[in-house]
Amino acid sequence: MIADWLEEFNSSENQLIITEMAKKYSLSREEYLNLINLMIYYYVITTKPNTLEAITTICNHIKTYRESIEKHQSGSLFKDCLSSFLETEEKNGNLNKAEQFINQGFLFHSFNSSFFSTIHEKGLSSKEKPWNLEEIEQIRQIFWKRDKKNIFGLFKAKEKTSVFFAESLLSASYYGLSSPTFFRKFIENNPKYFNVFLNRDYKKAVESIENLCIGLDPTEKKTVLIFFQKYWNIFASEDFPYIAISTKEKLGISPTIPDKFPNETQTQFLLRRILNGKNEILSQDVARDSLEIFSYQDFSFKPYTNEKHIV
């Protein structure tokens, strides 16, 4: 499936380039994820890829967005870079590769690395989760009494969860970087601590939970801190998320191709399809043989084939 599109990138030379550039620009976790996502799209839409040139372009965009708070939005960064790549292909009279990729109907589901073993073995299941629902409900009740009713966001411990897929790799990967969302909501309960979990900032996370516990009795506070530490150790690995990839056809979803707007160029049309893809919420489990699994780890795009990371 998607491995065929990325075959050109599977070289030690290219992996070395991205490793060196990531270090040169001191990329954060979020910036690194943006770089990887953009390079994936670059390789599936570009007919004559130049790795160093593309990475330099992306990193310079990242640097610009760092310096302008108003512009520091991943969506804008994506739009600028992808537009540049697509426009180059349109000028060369070759958008066939981009169209062929997008028309395949790929869907993406990104997940925390702690879920890897289960998903690799059993596929995506709403029943298989590395957390204890009774523990979550206990913490929820502690704060519910104090009128803090959304401590885990929209997560409901007693409800069956669904499987989320996105047409946009950007949307899916951010979901994975922040996964599981109930734990991120728990830590980032105050806007002051936005992205603390995403950036794996343990010191700030502890500060957030300590502030959250103000007003609790000693026993309740101890329960909350034990819960936090237990699940921080599980979910806050420095590893990057994995991405599970499937197609609408494999998941039994009817393909939809939006209409082209009047006066819209082919680049603008393809850009809109990449950036504004719809999300799919599936209530059923997804079998392992319907998925290809990749990792963002180790500055590599290829599916892992070594013993440590085999998928």
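Values in this text are rule-based calculations from the coordinates and carry no lab data. The structure presented is a predicted model; accordingly, all values stated were derived computationally and were not measured. Methodologically, a virtual Cβ is constructed for each residue, glycine included, from the backbone with ideal geometry; neighbour enumeration extends over all protein chains shown.
Collect residues whose amide H, placed 1.01 Å from N in the peptide plane, falls under 5 Å from the amide H of residue 198; neighbours closer than 5 in sequence don't count.
Placed amide hydrogens put nothing under 5 Å from residue 198.
Which one of 27, 152, 165 is farthest out on the positive end of the charge dipole of the chain, using unit charges on Cβ (Lys, Arg +1; Asp, Glu -1) and the Cα centre as origin?
Result: 152, furthest along the dipole toward the positive end.
Under a 10 Å cutoff between Cα atoms, tell me which one of 67, 31, 128 has the largest fluctuation in the Gaussian network model of the chain.
Looking only at 67, 31, 128, the biggest GNM fluctuation is shown by 67.
If you average 1/r over every pair of different alpha-carbon atoms in the stretch 74-148 and take one over that average, what Kirkwood value in Å do you get?
On the way: mean 1/r = 0.0578 Å⁻¹.
Radius from the Kirkwood sum: 17.3 Å.
Roughly how tilted is helix 218-235, in degrees to the nearest 10 and between 0 and 90, from the longest Cα axis of the chain?
So the helix axis and the longest Cα principal axis differ by about 20 degrees.
Calculate the spin-label point distance for residue 135 paired with residue 66, positioning each point 7 Å from the Cα along the beta-carbon direction, and give it in nanometres.
Taking the two extended label points, one gets 3.7 nm.
Residue farthest toward the positive end of the dipole of the chain, with Cβ of Lys/Arg at +1 and Asp/Glu at -1: which of 268, 286, 58?
With unit charges placed on the Cβ atoms, the residue in question is 286.
Which of the pairs 48/91; 203/230; 122/230; 129/278; 148/221; 127/230 have their Cα atoms more than 18 Å apart in this structure?
Details: 48/91 13 Å; 203/230 15 Å; 122/230 24 Å; 129/278 25 Å; 148/221 15 Å; 127/230 20 Å.
In this structure, 122/230; 129/278; 127/230 exceed 18 Å between Cα atoms.
What is the angle, in °, between the Cα long axis of helix 133-144 and the longest principal axis of the Cα atoms in the chain? Nearest 10 is fine, range 0 to 90.
Rounded to the nearest ten degrees, it is 70.
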